[in-house]
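Following: one structure in structure tokens, then a few remarks.
The values are calculated or read from the model by the stated rules, or taken from the named source; none is laboratory data. Values in this document were obtained by computation on a predicted structure and should not be read as measured data. Because the Cβ atoms are built from the backbone with ideal geometry, glycine has one as well, and the counts that use them run over all protein chains shown. Each accessible area value is taken on the protein alone, full model and side chains, heavy atoms only, with ligands, DNA and RNA left out. Shrake-Rupley method; radii C 1.70, N 1.55, O 1.52, S 1.80 Å.
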Amino acid sequence: MTAEPAPATRMLPAILESSPDSLIEWLNSVGQPAFRAKQIRQWLIQRRVTSFDSMSDLPAALRILLQQNFRFCSFEILNHQIASDRTEKLLLKLQDGELVECVLMRETDRRTVCISTQVGCAMGCVFCASGLLGVRRNLTAAEIFEQVLVLHRLLQPDEKITNIVVMGIGEPLANFRSLTAALDVLTADDGFGLGSRRITVSTVGLPEKIREFARLGAQYNLAISLHAPNDDLRTQIVPVNRSIGIAEIVAAAEDFHQQTGRRVSWEYVLLAGVNDQPQHAEELAALLQGRTAHVNLIPMNGVSELTLTAPREPHTQKFLDILLRRGIPATVRKRKGADIDAACGQLRLNRETAADQTTPE
Ligand code: SAH
């Protein structure tokens, strides 16, 4: 007896993995006019339907053909958490079974989504849940921008996504091609249509990629994860720093600012007893003096597998005060979604480690 074939739908390609041109080609092959491609992409990218069947201006026969030939989305939602501050976090299962996360954060006048770019991460930052299991693969462009679309569909009818931060799992600039293809769709007028100034890409600091990003000539915001004011300490916290060095990153940031006119922000995760001392704040201020920079202090989010913690509040305040006194614009990042697994990569990590414990050898 042969094994039962997998259900046909599991083998179907996700529709947004097809470029507009190949969608037109497919439409031609089933006897449909090319203009349907535009309609279909509009439904998928700009509107909030969740099935082909709801695409009411398409002929019924085409809707059935779409259903038979494509998956509606490149992933499914495996888990949906909602925090008491209405932060929503999704755990997504990709077609090959890999997991990533995305988050929706609400403030009075903003709805910001945070998206992932890789399955896992190779950078190895010692406080981060995403890197604990290494990197498995890059996300495709559709897997990146569909995170925004799926969160958009979860909003109330009167809500809109106002900002995107590429600060989820992975190192975005290590997946440059998919990242920029995804940003193209998110900013295009006939795509999601968000202004590039509303999008922030956060990087561990890969100098050549920062320059390539600047050369796109767009107005994206760049955030660089520094976490330490000198190379010795940074290499302990961000191991990839060993082969890069802070001076190179600062020079690339300067080039980015020259080329785009955008202010660079520097992220600094505060780790109690590690990088949170007054002399670290002084050294950081000296490093950034005279540059158009903004420092974002981030008290570490707890990761259950790690013993590192955030400093106590007065300590954080003292670090902030030193920067401000030295004339460095700085803020402390507000914590969102504190009562769900909010740390970057924590949801995926919980799932993966639970699976390890239950998988027979
Ligand atoms: N690889 C990129 C983007 C992903 S991480 C980068 O390094 O910037 C996005 C931000 O979240 C980074 O500044 C990262 O250092 C921070 N981060 C990761 N784990 C964290 C944790 N446990 N607590 C607080 N911030 C964390």
Among the residues of the range 229-243, what is the count of those that are within 15 Å of the ligand (Cβ to nearest atom) and either part of a helix (DSSP H, G or I) or surrounded by fewer than 20 Cβ atoms within 10 Å (Cβ to Cβ) (or both)?
8
Single residue of the range 300-346 satisfying the filter (of a type in the set (Asp, Glu) and within 16 Å of the ligand (Cβ to nearest atom)) that is modelled with the highest pLDDT
313
In the range 275-309, the residues that are within 30 Å of residue 254 (Cβ to Cβ), small (Gly, Ala, Ser), assigned to a loop (DSSP other than H, G, I, E, B) and in contact with a Ser or Thr (Cβ under 8 Å, 6 or more places away or on another chain):
none
Could you count how many residues in the range 88-129 are closer than 23 Å to residue 191 by Cβ, in a loop (DSSP other than H, G, I, E, B) and away from the ligand (no atom under 14 Å from the Cβ)?
1
Mind checking whether some residue in the range 206-227 is out of contact with any helix residue (DSSP H, G or I) (no Cβ under 9 Å at 6 or more places or on another chain) and among the charged types (D, E, K, R)?
no
Contacts under 9 angstrom Cβ, first residue in the range 155-170 being within 15 Å of residue 195 (Cβ to Cβ) and charged (D, E, K, R), partner open to solvent by less than 20 Å² (accessible area, probe 1.4 Å) and more than 16 Å from the ligand (Cβ to nearest atom), 6 or more apart
160/152
Enumerate the strands (runs of 3 or more DSSP E) found wholly within the range 130-228, keeping only those where 1 or more residues are within 11 Å of the ligand (Cβ to nearest atom), of a type outside the set (Ser, Thr, Tyr) and open to solvent by less than 10 Å² (accessible area, probe 1.4 Å).
163-166, 199-203, 221-225
Take the range 181-214 and flag every residue that is under 28 Å from residue 227 (Cα atoms) and hydrophobic (A, V, I, L, M, F, W, C).
182, 183, 199, 201, 204, 206, 210, 213, 214
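Let's see how each residue does on (1) within 13 Å of the ligand (Cβ to nearest atom); (2) of a type outside the set (Asp, Glu); (3) open to solvent by less than 40 Å² (accessible area, probe 1.4 Å); (4) more than 14 Å from residue 208 (Cα to Cα):
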| site | (1), (2), (3), (4) |
| --- | --- |
| 245 | no, yes, yes, no |
| 258 | no, yes, no, yes |
| 261 | no, yes, no, yes |
| 268 | yes, yes, yes, yes |
| 273 | no, yes, no, yes |
| 280 | no, yes, yes, yes |
| 288 | no, yes, yes, yes |
